[in-house]
Structures are given as structure tokens and as C-alpha cells.
Amino acid sequence: MSKGRAEAAAGAPGILLRYLQEQNRPYSAQDVFGNLQREHGLGKAAVVKALEQLAQQGKIKEKTYGKQKIYFADQDQFDMVSDADLQGLDAKIVALTANVQSLQQSCRHMEAELKELTSALTTPEMQKEIQELKKECAGYTERLKNINAATNHVTPEEKEQVYRERQRYCKEWRKRKRMATELSDAILEGYPKSKKQFFEEVGIETDEDHNVMLPDP
């Protein structure tokens with residue numbers, strides 16, 4: 001046993017007696033061990049030995065239920081409490097419970113408010129954000145002013161006319177390309193050389209030669 005564990009075991013009776021008197025409720029050795037182990041570093045054997053020692057000395061009471069022993073403070077050391085006193089204590093418990101619930105609710109509200117304030121921008125951050133928005137707004141205003149002052153506006157009718165002409169030209173392009181392909185394929189059926197050589201001799205230039213692609217319809 002280490003020196004620290006030995007010192008804790010030596011002081012165990014006093015610790016356990018004080019704990020049982022303060023709590024004034026029955027506990028098993030396992031309950032006491034579990035409740036005080038972390039705070040005082042008491043081992044299970046030291047707790048059992050100390051409880052048995054206190055019971056033998058008459059400082060606490062011991063009751064056996066089956067295979068389990070229960071320990072509690074000697075009730076003779078406490079003053080008798082009348083029914084009126086018990087009722088008063090019950091009323092005090094009810095009042096304190098209600099007060100605790102009210103405080104818990106207030107705490108939840110304050111926590112929610114704190115979370116909202118924490119996530120919000122600070123005053124300097126807001127001022128900086130406002131300046132940036134004003135600057136951005138001024139840029140858009142200047143851009144809109146230039147657009148409105150321009151003289152090369154395209155009317156919806158002109159735009160529609162351009163789209164119609166584009167569609168017509170692309171349709172004609174597609175038609176002529178198909179006709180040229182069909183014609184060249186017919187010639188190539190009896191031509192003794194390759195398609196590339198035929199195009200070079202005739203002087204045909206394709207869309208691919210100029211990296212041009214027919215737009216989608």
C-alpha cells in the first residue's frame with residue numbers, strides 16, 4: 001500500500017462518520033465507496049473495515065438485509081422533530097424547489113441570450129460591415145449610372161432579330177454542310193485516292209480545318 005493510500009485508510013473512520021451524519025440516510029459499503037472514492041481516494045477494503053469499526057464502536061448503526069449490510073448514522077444523536085416541524089420543513093422544501101426551478105428557467109433564458117449576443121457582430125464589426133456595404137453600394141450605383149448613360153443600348157426587338165438571324169444562318173449552314181458531305185461521299189466512292197487528298201486537290205476547306213464547330217440548334 002502506498003503512503004497516500006495508507007494515510008487515507010487511517011483517516012477513513014472519521015471521513016465516513018462525518019459523511020453518514022451529514023447525509024443521514026442508509027448506505028451500503030459499495031455506495032459509500034463509490035461516493036467517496038474520487039474525493040478521498042479510499043479503497044474498497046478500507047471503507048468496509050472503517051464501517052465495521054464504527055459499527056462496533058457504536059458510532060453508527062448497522063443492519064443486515066440478506067447478504068448485504070446497511071450503515072447509517074445513530075438517530076439518537078439527533079433531536080426529536082415534531083410533526084409541525086416536519087410540515088414546516090416540507091413546506092420549505094417545496095418553496096426552495098420552486099425557487100430552484102425558477103432560477104433554472106432564468107438561467108436558460110440568460111444562456112440563450114448570451115449565445116445570441118456571442119454570435120452577433122460587435123459594434124466595431126458592424127461599423128466596418130456598414131462601411132463595406134456603403135462602398136459596394138456606391139460601386140453598383142456608379143455602374144448603373146454608366147449603363148443608363150450609354151448610347152449603344154440594344155432594344156428587345158433588335159435582340160430578337162439577332163437571335164432569329166442566327167437561327168436562320170445556322171440552319172442554312174447545317175443544310176449546306178450536309179449537302180457538301182453527301183456530294184463528297186458520292187464522289188469518293190469512285191475516287192482512287194484518300195478523302196484528304198481529294199479535298200486538297202479540289203481545294204475544299206472544312207470546319208475542322210479552321211477549328212469551327214456548328215452551334216447547337
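The values are calculated or read from the model by the stated rules, or taken from the named source; none is laboratory data. Treat the numbers as computed from the prediction; the structure is a model and nothing was measured. Positions of Cβ are backbone-derived with ideal geometry, glycine not excepted, and every protein chain shown enters the neighbour counts. For the accessible areas, the whole protein counts, side chains as well, though only heavy atoms, and no ligand, DNA or RNA atoms are used. Shrake-Rupley method; radii C 1.70, N 1.55, O 1.52, S 1.80 Å.
In whole percent, how big is the carbon plus sulfur part of the accessible area of the chain, probe 1.4 Å, protein atoms only?
54
Per-residue counts of other Cβ atoms within 10 Å, averaged by peptide: what ranking do you get for 208-215, 57-64, highest first?
For the peptides 208-215, 57-64, the packing ranking is 57-64, 208-215.
Might you tell me the accessible area per residue for the stretch 129-217, computed with a 1.4 Å probe and given in Å²?
With the other protein chains kept in place, the stretch 129-217 gives 94 Å² per residue.
Run the count for the stretch 1-134, please: Lys pairs, Cα-Cα under 24 angstrom, 8 or more apart or on different chains.
Lysine pair count for the stretch 1-134: 16.
Taking the Cα atoms only, what angle lies between the long axis of helix 156-188 and the longest principal axis of the chain, rounded to 10 degrees?
Approximately 70 degrees, to the nearest ten.
Which order, highest average first, do 155-163, 169-177 follow once you tally other Cβ atoms within 10 Å for each residue and take the mean per peptide?
Order by mean packing, descending: 169-177, 155-163.
So what's the gap between the Cα centers of the stretch 72-114 and the stretch 160-214, to the nearest angstrom?
Using only Cα atoms, the two centres lie 96 Å from each other.
From the list [x] 81, 42, 34; [y] 125, 59, 38; [z] 48, 40, 28, can you say which value of Cα extents along the principal axes in Å was derived from the structure given?
[y]
Measure off 7 Å from each Cα along the Cα-to-Cβ vector at Thr118 and Lys193, then give the distance between these two points in nanometres to one decimal.
8.3
What's the FRET efficiency of Gln23 with Glu111 using the Cβ-Cβ distance as r and R₀ = 30 Å, to the nearest 0.05?
0.45
Suppose R0 equals 25 Å; then what is the FRET efficiency for Val202 and Trp173 from their Cβ-Cβ distance, rounded to the nearest 0.05?
Between Val202 and Trp173 the formula returns 0.80.
Suppose the chain between Leu103 and Gln87 were pulled fully straight at 0.36 nm per residue; how much longer would it get relative to their current alpha carbon spacing?
The span from Leu103 to Gln87 would gain 3.3 nm if fully extended.
What is the spin-label model distance, in nm, from Ala186 to Gln37 if the labels are put 7 Å beyond Cα along the C-beta direction?
10.0
How tilted is helix 83-119 with respect to the longest principal axis of the chain? Cα atoms for both, answer in degrees (0 to 90, nearest 10).
Helix 83-119 sits roughly 20 degrees off the main axis of the chain.
What full-extension length gain, to one decimal in nm, is calculated for Val212 and Phe78 as 0.36 nm per residue of separation minus the Cα-Cα distance?
37.8 nm
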